[in-house]
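Just below is one structure, and these are the notes that go with it.
Any read-out appearing in this document is the output of simple, stated calculations on the displayed coordinates, not a laboratory observation. Just so you know, these numbers come straight off a predicted model, no measurement behind them. Ideal geometry is used to build each Cβ from the backbone, glycine not excepted, and the neighbour counts take in all protein chains shown.
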Amino acid sequence: MCGIVGVVGKPARDVLLNGLKNLEYRGYDSAGIYLNDLQGHQYLTKAVGRIKNLEAKLTPDEQGVVGIAHTRWATHGKPTVANAHPQYSSDNRFYLVHNGVIENYATLKNKYLSDVEFHSDTDTEVIVQLVDKFAREDNLPAFAAFKKVLNLVEGSYAFLLVDNTEPDHIFIAKNKSPMMLGVGDGFNIIASDAISVLDQTRTFIDLHDGDVADVTKDKIVIEDLQGNAVDRPAKELDIDPNASSKGTYEFFMLKEIDEQPAVMRRLAQDYFDGNNVKVDPAIVQAAADSDRIYILAAGTSYHAGLVGKNLLEKYTGIPVEVGLASEFGYHFPRLSKKPFFIFLTQSGETADSRVVLTQVNDRQLPSLTITNVEGSTLSREATYTMLLKAGPEIAVASTKAYTAQVAVQAILAKAVGEKLGLQVARDFDLKHQLGLAAEGMQQLVDGKEKIDELAKKYLATTRNAFYIGRGVDYAVALEGALKLKEVSYIQTEGFAAAELKHGTIALIEKGTPVVALINDPATADLTRGNIREVQSRGANVIVFAAKEFAQPGDDVVLPQIEYYLSPLVTVVPAQLLAYYASKNKGLDVDKPRNLAKSVTVE
Ligand code: G6P
């Protein structure tokens with residue numbers, strides 16, 4: 001949720017500021033940086049708001065060859081300078097940045113630190129004060145004091161700690177929060193994700209939960225919490241650094257919307273051998289053996305799961321349940337005899353989803369993570385992984401990961417259905433359909449000016465809006481509404497078109513924008529009826545309709561594609577509508593207020 005970066009062994013200030021800027025998508029309500037020049041000077045600077053505020057506060061003499069930095073998404077305490085990280089011990093000896101949540105911080109505080117005066121409301125300060133206390137009172141070196149504290153801590157963390165009495169070390173620890181250790185030539189670097197520091201190194205060590213390490217400029221010692229040596233291999237990461245740059249685009253969100261046709265083509269290439277679908281046979285077998293599939297996800301990924309349910313049920317015949325991970329984790333339903341779990345997660349780090357996966361693993365049940373991030377926590381911990389191959393998604397509002405999730409679920413559905421010998425799956429010409437999706441998406445993104453006009457006409461001043469649809473259009477209505485509200489702050493609800501009249505239609509008044517989606521052959525006429533109901537109450541209706549159901553006056557005619565895959569194209573004008581509504585209001589499209597891209601707290 002928060003972003004952390006640390007470096008030892010080279011001029012640290014710019015490396016850290018760049019890393020922070022790349023990590024800003026993880027949280028951006030405040031930021032801080034600690035630098036030590038190993039000549040007896042240490043500097044701490046913190047600022048509320050974006051990294052540029054922090055940069056503006058730094059004076060030229062604040063330099064160092066060791067440093068740790070943090071960009072925050074507040075959990076404990078408001079986004080203030082005092083609560084920003086690094087947190088420090090009262091004697092200014094220890095400095096700590098933290099991503100995660102310490103669950104027993106209040107207990108630790110009461111038990112060990114009743115005599116300490118705290119300067120922040122954070123759980124993190126408890127940890128740094130406690131390290132200081134153990135170091136002083138037990139006369140322990142920093143690494144030993146740190147490990148002693150870690151053995152008492154319950155919760156999630158990625159920690160970077162510096163001790164001003166041995167400042168050429170960064171001590172790090174990981175549990176349930178992402179952290180990568182980058183290996184350089186004469187320096188080492190630590191970050192929440194590898195992409196943020198790709199300009200520094202391509203060699204990374206993937207730390208596991210329970211790992212602690214003592215990192216200096218040319219040495220890395222990794223141990224477990226009991227002090228046993230742990231060996232973690234370094235590997236070269238094969239990521240295109242351009243994939244995480246904006247190029248000529250003003251915002252990542254539009255770049256990522258525009259990339260969707262290419263993602264469809266890549267999936268059609270990588271998951272097919274000629275026209276034959278190609279999925280790891282072990283995954284196909286495990287899913288085919290199941291009597292029920294459970295899809296768990298959060299946010300946009302959950303909406304992709306709702307579409308996946310339709311695809312998987314149609315092409316495999318296996319019943320599918322879709323759950324919000326945050327609910328499912330604490331209210332497990334009665335499971336079928338042979339369940340198969342699918343975790344849909346762009347980042348592979350969502351804490352709510354991980355809670356469910358941990359329980360699935362405890363019960364020794366088979367699971368598949370469908371994710372965009374190879375080596376992410378949920379990928380590592382599930383039995384199997386399928387990759388979205390969408391390239392890094394930087395804008396907080398998810399776009400290309402959603403369409404990739406829909407496509408990969410379709411790929412899985414076809415593979416499993418074929419394994420089960422179903423004719424409907426054999427007849428499903430998915431490779432061709434993904435080609436149609438790519439073409440259709442291209443046509444829609446090429447027509448983006450039209451969507452910009454719609455946004456200007458209907459969404460410039462409205463405070464609320466609706467999306468309506470039936471069947472898979474209902475799932476897209478939920479996603480369209482989420483997109484619009486998260487980036488434009490227009491309060492938007494997605495509704496099953498017919499359900500609106502059972503209460504919520506009371507909110508429709510003159511000028512209320514209602515986006516209606518029409519792809520479902522079974523209900524296209526009925527949805528037209530629902531449109532008339534809201535029109536007669538003054539709504540401004542925007543219609544996105546499939547070619548075969550389109551009528552004169554519809555705003556967007558959706559290119560032809562099979563109905564269950566129609567979300568691949570329907571969502572594109574919805575994404576664009578959200579993008580332009582936000583951009584036209586002058587908002588920061590890529591970093592909407594209060595949000596974070598990767599939510600690693602429950
Ligand atoms: C956050 C993001 C959403 C995303 C959700 C699930 O809330 O802001 O865009 O859909 O997390 O993330 P995941 O990485 O699990 O797909």
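A protection proxy built from the mean count of other Cβ atoms within 10 Å ranks the segments 171-184, 222-235, 75-88, most packed first, as 171-184, 75-88, 222-235.
Got a sec? Which residues in the stretch 316-358 would a label at Arg292 touch, if it sits 7 Å along Cα→Cβ and we count backbone N under 15 Å? Only 318-324, 328-329, 331-342 pass the distance filter.
Can you tell me how the chain classifies by the Cα gyration tensor, rounded, prolate or oblate, using a/c under 1.5 as the rounded cut? Verdict is prolate for the chain. Note on Lys78 and Leu44: the model spin-label points, each 7 Å out from Cα along the C-beta direction, lie 2.1 nm apart. Each distinct pair of alpha carbons in the stretch 1-114 adds a 1/r term; the inverse of their mean, the Kirkwood radius, is 14.3 Å.
Calculated FRET efficiency, Lys585 to Lys219, Cβ-Cβ distance, R0 = 51 Å: about 0.50 to the nearest 0.05. Placing unit charges on each Cβ (+1 for Lys and Arg, -1 for Asp and Glu) gives the stretch 227-329 a dipole about its Cα centre, and among Ala262, Pro233, Ser245 the Cα reaching farthest toward its positive end belongs to Ala262. Ranked by how many other Cβ atoms sit within 10 Å of their own Cβ, fewest first, the residues Phe143, Phe332 fall in the order Phe332, Phe143. So what is the 222 nm mean residue ellipticity for the chain from helices alone, if each DSSP H run of at least 4 adds -39500 (n - 2.57) and you divide by all residues, rounding to the nearest 500 deg cm²/dmol? Rounded to the nearest 500, the figure is -11000 deg cm²/dmol.
Placing +1 on the Cβ of every Lys and Arg and -1 on the Cβ of every Asp and Glu, with no other charges, gives the chain a dipole of roughly 1280 debye about its Cα centre. Legend: ranking of residues His119, His98, His331 from fewest to most surrounding C-beta atoms inside 10 Å; resulting order His331, His119, His98.
A cut-off of 5 Å between modelled amide H atoms, ignoring neighbours fewer than 5 places along the same chain, links Thr122 with no other residue. The residues Arg72, Arg380, Arg93, when put in order of fewest to most other Cβ atoms within 10 Å, stand as Arg380, Arg93, Arg72. Of the residues Thr527, Phe187, Tyr34, the one whose Cα sits farthest toward the positive end of the charge dipole of the chain, with +1 on the Cβ of Lys and Arg and -1 on the Cβ of Asp and Glu, is Thr527.
For Lys510, the lysines whose Cα falls under 25 Å of its own Cα, not counting residues fewer than eight places away in the same chain, are Lys450, Lys456, Lys457, Lys483, Lys485, Lys501, Lys583, Lys585.
Residue separation of Asn151 and Asp138 scaled by 0.36 nm, minus their Cα-Cα distance, works out to 3.1 nm of gained length.
A P(r) calculated from all alpha carbon pairs of the stretch 246-445, with 5 Å bins opening at zero, reads 1, 8, 17, 21, 21, 15, 10, 5, 2, 0, 0 percent. Lys and Arg at +1, Asp and Glu at -1: add these up for the other residues within a Cβ distance under 11 Å of Thr385 and post the number. Taking every Cβ under 11 Å from that of Thr385, the sum is -2. Beta bridges per DSSP, both residues in the chain: antiparallel share near 60 percent. Annotation: for a label point projected 7 angstrom from Cα along Cα→Cβ of Ala106, residues of the stretch 157-177 with backbone N closer than 20 Å are 157. Dipole size of the stretch 3-243 about its Cα centre, with +1 on Lys/Arg Cβ and -1 on Asp/Glu Cβ: approximately 440 debye, rounded to the nearest 20. Kindly state, to the nearest 0.05, the FRET efficiency for Lys510 paired with Glu327, given R0 = 51 Å and r defined as their beta-carbon distance. Given R0 = 51 Å and the Cβ-Cβ separation, E is 0.85. The residue among Pro573, Tyr474, Pro552 whose Cα reaches farthest toward the positive pole of the charge dipole of the chain, with charges on the beta-carbon of Lys, Arg, Asp and Glu, is Pro552.
Taken about its Cα centre, the stretch 146-199 carries a charge dipole of about 340 debye when Lys and Arg each add +1 at the Cβ and Asp and Glu each add -1 at the Cβ. For Ala234 and His208, the difference between the fully extended length at 0.36 nm per residue and the C-alpha to C-alpha distance is 8.1 nm. Cross-link reach is defined here as a Cα-Cα straight distance under 30 Å, omitting same-chain residues fewer than 8 places apart; for Lys219 the lysines meeting it are Lys10, Lys21, Lys46, Lys133, Lys147, Lys148, Lys174, Lys176, Lys235.
Relative contact order, percent, of the stretch 447-587 when contacts are C-alpha pairs under 8 Å separated by at least 6 residues?
32 percent
Shape analysis of the stretch 447-587 places it in the oblate category; the axes a ≥ b ≥ c from the Cα gyration tensor give an a/c of at least 1.5, with a/b not above b/c. For the stretch 372-454, the calculated P(r), taken from all Cα-Cα distances in 5 Å bins from zero up to the bin holding the longest distance, is 3, 12, 15, 19, 19, 14, 10, 6, 3, 0 percent.
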